Amino acid sequence: MTTLATLPGPRTPGFVNTLEYAFLPRSFTLRHNKKYGRAYRVPALQGDAIFTSDPEHVRRIFAADSDTFRVLAATSLRALFGRHSVLLTSGPTHKRQRKLLAPPLHGARLRAFATTMQQLADRQVATLTRGQRFRALDLTTAFTLDVIVQTVFGVTAEAEAHELRELLKSVIDDTPPSALFAPALQQPWYPPWARYLRARARFDRWLDEKIATRRRLAQPGEDVLSVLLTAQFDDGTQMDDEEVQHQLITLLLAGHETTAIALASCMSRLSRHPEVRAKLEQELDGVPPGEDVLRLPYLSAVINETLRIDPIVSDVARIPNADFVLDTNLTVTPDQLLIVLIEGIHLDPTLYPSPLSFRPERFLERKYAAHEFVPFGGGVRRCIGAAFSDMETKIMLATLVRKTSLALQDERPERRVRRNITMGPQHGVPMTVQQLR
């Protein structure tokens with residue numbers, strides 16, 4: 001029987017492996033997968049870990065109940081998201097939270113946001129001028145931030161919206177990746193963390209006042225904040241102010257930048273592949289803007305292929321609460337880490353022939369299983385905002401393709417770098433506006 005001790009893997013020190021994987025996950029994954037196969041042992045700062053991109057392993061992990069695993073680095077992330085965050089809870093608590101959080105992020109309530117998203121997409125594209133040089137990530141970040149301000153926090157008055165945008169940008173920009181991977185740096189004496197604490201305190205004060213105001217209203221609104229303040233668990237209780245605050249900061253930090261990066265990456269890919277853009281333009285021709293674009297198959301394929309090659313999050317990390325059978329020859333114990341390598345799955349040539357080639361058609365030719373295409377994770381812990389992000393991405397990308405012709409300022413592929421919990425283009429995809437329609 002294979003055990004953790006007998007699994008193949010590198011013998012380099014844990015801190016070396018952790019640093020390389022944190023900041024260079026693709027090269028780490030491809031090199032080790034080639035040398036050791038789809039599953040191997042890696043010494044890490046948190047202890048020995050099993051890294052896997054074996055589809056059967058991934059299927060079993062995602063099929064497990066919510067109380068099977070606890071979240072890796074929950075302690076270090078608690079200072080960022082809050083102890084009640086749905087990203088960090090597990091078992092019955094996690095299950096009841098997801099049940100309460102799901103309605104405003106899915107179905108009819110989500111579709112009601114399509115008009116707002118389209119208006120905000122039109123407004124952002126209208127800021128562009130012919131010949132303008134800009135960073136795609138700046139444009140997409142402004143868009144996703146506007147979406148959060150209106151649909152999540154329900155702020156529409158421009159003066160208050162401007163104040164909230166500045167508060168949210170400070171929280172996002174001042175989140176230090178170093179402190180996330182080295183929790184010992186989460187101390188007031190560490191200047192980057194001190195800046196984050198100040199930014200977070202300003203936002204928390206604003207949100208406390210907003211929650212108090214909304215609770216006094218007889219009809220608080222249809223935005224996510226208002227829905228969470230009135231929603232009830234099965235036993236009739238409601239989230240208290242602290243829990244609402246933690247879920248909203250989670251939606252901000254886990255959802256805002258991920259969608260912005262996905263959009264910027266799509267813009268880059270379309271500029272590098274004019275034949276793909278031409279097919280997308282043809283599909284969009286005659287389709288009304290807004291909700292109707294959500295059903296377009298080639299638009300979905302373009303976004304999926306971008307997320308496959310350039311996943312925003314590089315892994316899914318878990319710690320089993322009891323012995324977990326990964327396969328007939330390997331059982332993971334509660335003192336061992338389990339890392340699902342998203343990069344390894346998405347670049348597996350047996351699943352995706354010529355895996356580094358950008359070819360959206362593969363998503364029209366085959367339907368990939370939930371454990372074969374995992375940009376939002378999977379199972380009971382799949383990103384709860386995936387449908388929300390998908391709607392944003394489709395509406396904004398369709399608007400850009402309809403209304404603009406953009407060119408990359410540099411045709412060389414951009415290096416992906418660690419931003420915080422995400423990976424994104426190092427220079428934000430510098431572009432030039434060639435035409436406006």
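Every number in this text was worked out from the coordinates using simple rules, so none of it is lab data. As the structure is a prediction and not an experimental result, all values here were calculated from the model. Cβ coordinates were reconstructed from backbone atoms using ideal geometry, including for glycine residues, and neighbour counts include every protein chain displayed.
Which distance in nm do the two modelled labels at Arg130 and Val16 give, with both placed 7 Å along the Cα-to-Cβ direction?
Going by the 7 Å Cα→Cβ label model, 5.7 nm.
What does the charge count around Ser405 come to, taking other residues whose C-beta lies under 13 Å from its C-beta (Lys +1, Arg +1, Asp -1, Glu -1)?
So the surrounding residues net to +4.
Can you give the percent of C-alpha pairs in segment 161-218 whose distance is more than 16 Å?
51 percent
What is the Rg over Rh value, at two decimals, for segment 189-240, using alpha-carbon atoms and the Kirkwood definition of Rh?
Rounded to two decimals, Rg over Rh is 1.16.
Grab the beta carbon distance between Thr156 and Arg366, set R0 = 35 Å, and tell me the FRET efficiency rounded to 0.05.
Efficiency, from the Cβ-Cβ distance: 0.25.
In segment 267-337, with Lys and Arg counted as +1 and Asp and Glu as -1 at Cβ, which of these residues, Pro320, Thr333, Val276, has the Cα nearest the positive end of the dipole, that is, farthest along it?
Checked the options; the winner is Val276.
Once the Cα atoms of segment 113-257 are picked out, what are the Rg and Dmax in Å?
So, for segment 113-257, Rg and Dmax equal 17.1, 58 Å respectively.
Which percent of Cα-Cα pairs in segment 239-333 sits in each 5 Å bin, short to long?
2, 10, 13, 14, 13, 12, 12, 10, 8, 5, 2, 0
Quick one: Cα centre-to-centre distance for segment 357-417 and segment 274-303, in angstrom?
Segment 357-417 and segment 274-303 have Cα centres separated by 13 Å.
Give, in nm to one decimal, the length gained when the segment between Gln409 and Leu294 is fully stretched (0.36 nm per residue of separation minus the Cα-Cα distance).
Length gained, Gln409 through Leu294: 38.4 nm.
What is the P(r) of segment 31-85, as percent of Cα-Cα pairs per 10 Å bin from 0?
Computed distribution, short to long bins: 19, 37, 36, 9, 0.
Express the C-alpha Rg of the chain as a ratio against the empirical globular expectation 2.2 N^0.38 Å, rounded to two decimals.
0.98
Taking segment 310-370, which GluC sites (Glu not before Pro) meet the DSSP loop condition and have no more than 15 other C-beta atoms within 10 Å?
Sites meeting the loop and neighbour criteria: Glu361.
Could you state, as a whole-number percent, how many of the C-alpha pairs of segment 294-437 are farther apart than 17 Å?
Looking at segment 294-437, the distances longer than 17 Å represent 71 percent of pairs.
Using only the alpha-carbon atoms of segment 354-436 as identical scatterers, what base-10 log of I(q)/I(0) does the Debye formula give at q = 0.14, 0.17, 0.22 Å⁻¹?
-0.78, -1.15, -1.42
For the residue pair Ala184 and Ala63, what label-to-label distance in nm results when each label sits 7 Å from Cα along the Cα-to-beta-carbon direction?
Calculated label separation equals 4.2 nm.
Provide the net charge surrounding Val287, with neighbours chosen by a C-beta distance below 10 Å and charges set as Lys +1, Arg +1, Asp -1, Glu -1.
Net of charged neighbours comes to -1.
Could you name the lysines in cross-link range of Lys279, using Cα to Cα under 22 Å and dropping any fewer than eight places away on the same chain?
Lys367, Lys394, Lys403
Which value, to two decimals, describes the C-alpha radius of gyration of segment 303-350 once divided by 2.2 N^0.38 Å?
Taking the Cα Rg and dividing by 2.2 N^0.38 Å, one obtains 1.43.
When the distances between all Cα atoms of segment 1-117 are binned every 5 Å from zero, what whole-number percent does each bin get?
Result, from short to long distances: 2, 9, 13, 15, 16, 15, 12, 8, 5, 3, 1, 0 percent.
Treating segment 1-65 as a set of equal point scatterers at the Cα positions, no solvent, please give the Debye-formula log₁₀ I(q)/I(0) at q = 0.17 Å⁻¹.
Results for segment 1-65 at q = 0.17 Å⁻¹ read -0.61.
Under the 0.36 nm per residue contour assumption, what length would be gained going from the current alpha-carbon distance of Arg109 and Asp234 to full extension?
Working it through step by step, the gained length comes to 43.0 nm.
From the mean inverse distance of alpha carbon pairs (Kirkwood) and the Cα radius of gyration, derive Rg over Rh for segment 186-293.
1.15
Grab the DSSP H runs of the chain that are 4 residues or longer, score each as -39,500 (n - 2.57), total them, divide by all residues and round the 222 nm result to the nearest 500 deg cm²/dmol.
When only DSSP H runs of four or more count, the value is -14500 deg cm²/dmol.
Using a basic spin-label model with each label point 7 Å from the Cα along Cα→Cβ, how many nm lie between Ala317 and Arg195?
It is 2.3 nm.
Counting Lys and Arg as +1 and Asp and Glu as -1, what is the net charge of the other residues whose Cβ lies under 14 Å from the Cβ of Arg198?
Within the 14 Å Cβ shell, the charges total +1.
Relative contact order, percent, of segment 218-366 when contacts are C-alpha pairs under 8 Å separated by at least 6 residues?
Reported relative contact order: 18 percent.
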